[in-house]
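Engineer: Sharing a structure here in structure tokens format.
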Amino acid sequence: MTVRHRGALAAMAAGAALTVAALVAVAARPAADVGADEVTALADTAPSAAGGRSPVPVRKGALPTGAAVVPPVGLRIPTIGVTATVAAVGINPQTSEFEVPPSVDQVGWYRYGPGLAAPAGSVVIAGHVDSSTQGEGAFFRLRELDQGDRLIVTGSDGQERTYRVIAREEYQKTRIPLDRYFARDGDRRLTLITCGGPFDADTRRYRDNLVVTAVPA
């Protein structure tokens, strides 16, 4: 699975119209969205001095620095039987896409966003739903998560951090509100993204993105 870059967000929020090539089957439709209001409340919505919402800043695509940056290296979701390695991923300069690990058993942390020790912002982890050659991906059952389910993320510091699911939402890929999910401000949260919705056999892509949001438990 790949995430397509949108110029307006630049490297910080490298536009995440998640796309999948060479997939089979049609993703089962998830239950109705839950928790949308809670996700909106987590984001920093303070108005700018001009009276409108501050735009997402465009920043140079450099990695965060400092001892406080703690990348996630492992993810467990007991409710759906997920145990996955997390790799740091970025943007492919040739394709302008967010490079999720090619193995569907692995998931990718967006390394230009916050790490686990950041005091604010959205830690984004994306993964494949499935593959025609590898079968079910790590996030194949992500649509089954519901409010209250627990996730455990292991950091490079060896510490396990537990999160509680507050929302599950589905968007057409062209309509996902990127500034809400790829953000360095607002309350601390974990954002999991994969593909969903109907599968287009002609384009070999799913139509939608499935987004699960969790907060520290």
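Coordinate-derived values only; no laboratory data. Please read all numbers here as calculations on a predicted model, not as lab measurements. Ideal geometry is used to build each Cβ from the backbone, glycine not excepted, and the neighbour counts take in all protein chains shown.
Engineer: Along each of the three principal axes of the Cα atoms of region 158-217, give the extent in whole Å, ordering the values from largest to smallest.
Structural biologist: The Cα atoms of region 158-217 stretch 44, 23, 20 Å along their principal axes.
Engineer: Right, here's the next one. For Ile152, what charge total do you get from the other residues with a beta carbon under 10 Å from its beta carbon, if Lys and Arg give +1 and Asp and Glu give -1?
Structural biologist: Local charge sum for Ile152: +2.
Engineer: Continuing with this model, one more query. Excluding His128 itself, what net charge comes from residues whose Cβ is under 10 Å from its Cβ, given Lys and Arg +1 and Asp and Glu -1? Each step should come with its number before you reach the end.
Structural biologist: On the way: positive: none; negative: Asp105, Asp130, Glu136.
Result for the local shell: -3.
Engineer: Same structure again: In nm, to one decimal, how far is the modelled label at Ala201 from the one at Glu136, with both set 7 Å along Cα→Cβ?
Structural biologist: 2.4 nm
Engineer: Quick check: the distance between the Cα centres of region 87-109 and region 139-199, to the nearest angstrom?
Structural biologist: Computed from Cα coordinates, the inter-centre distance equals 16 Å.
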